[in-house]
1. Considering only segment 31-84, state which residues are free of Cβ contacts under 8 Å to residues at least 40 places away in the same chain and touching a Ser or Thr at 6+ places or on another chain (Cβ under 8 Å).
2. Taking helices (runs of 4 or more DSSP H) that do not extend beyond segment 90-176, which have at least 2 residues that are among the β-branched types (Val, Ile, Thr) and touching a helix residue (DSSP H, G or I) at 6+ places or on another chain (Cβ under 7 Å)?
3. Scan segment 85-107 and report the pairs whose first residue is surrounded by 14 or more Cβ atoms within 10 Å (Cβ to Cβ) and whose second residue is of a type in the set (A, V, I, L, M, F, W, C) and not in a helix (DSSP H, G or I), with Cβ atoms within less than 6 Å and a gap of 6+ or a chain change.
4. Out of (1) touching a Leu at 6+ places or on another chain (Cβ under 6 Å); (2) farther than 14 Å from Glu142 by Cβ, what's the single condition that is false for Glu32?
5. Among the candidates Gly33, Gly64, single out the residue that is surrounded by fewer than 19 Cβ atoms within 10 Å (Cβ to Cβ), out of contact with any Asp or Glu (no Cβ under 6 Å at 6 or more places or on another chain) and assigned to a loop (DSSP other than H, G, I, E, B).
6. I'd like to know if segment 139-157 contains one or more residues that are closer than 14 Å to Val66 by Cα, free of Cβ contacts under 8 Å to residues at least 12 places away in the same chain, surrounded by fewer than 19 Cβ atoms within 10 Å (Cβ to Cβ) and hydrophobic (A, V, I, L, M, F, W, C).
Amino acid sequence: MSILDRLASAIAPTASEEDRAEARGNLERLAEGQLFAEDILRQHKQIEQLFAEARSASGAAAQGVVTRLALLLNGHSMAEEATVYPEISEHSGKTHAGMGYEEHAMTKVQLAELQKLQPGSKDWNEKLDHIESAVQQHVYQEESSWLPDLIRNAPLEARQRMSVEFRDYFERFDRG
């Protein structure tokens, strides 16, 4: 575990499965009609599904799932960074946005390292576990706080703009 991981876990303890489910349920209700939030939630669920598929696959199939996971995570994070995080900075907090950018960057680095490892090996499984845990915590932060803050505090025009821009930006990366 890196020093950044230890620091992050001390500042924001890992959310339980129940906490994550409660945050997701609350956001799903709040997100109705907020297309940017609905899209983000849908992608979060796709990301979770790909982690499960990677864990159950082997060999080249596992590597293919990890490649799809990396493409989805990278497109998702870049769309958030370009269209949603500036609004998070304004309506949820600059610290939240800064954490989001940093967590996205670290996940990209970790995914690149994972893709160099032999699927199913001890190192590969440990790296996949580490990435999944970090992504779960990041998703929890978004779903429990940052996105609800946006829905409650951002003006309607900003939410409408994010809805269009997030989808347009993500679709540039969604080629698979």
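The numbers here are math on the coordinates, done by the rules we state, and not lab data. This is a predicted model, so every value here is computed, not measured. Note that each Cβ is placed from the backbone with ideal geometry, even for glycine, and that neighbours are counted across all protein chains shown.
1. Ser77
2. So the answer is 122-141.
3. Every condition considered, the pairs that remain are Glu87/Ala154; His91/Ala154.
4. The single condition Glu32 does not satisfy is (1).
5. Residue meeting the stated conditions: Gly33.
6. The answer is no; no qualifying residue exists.
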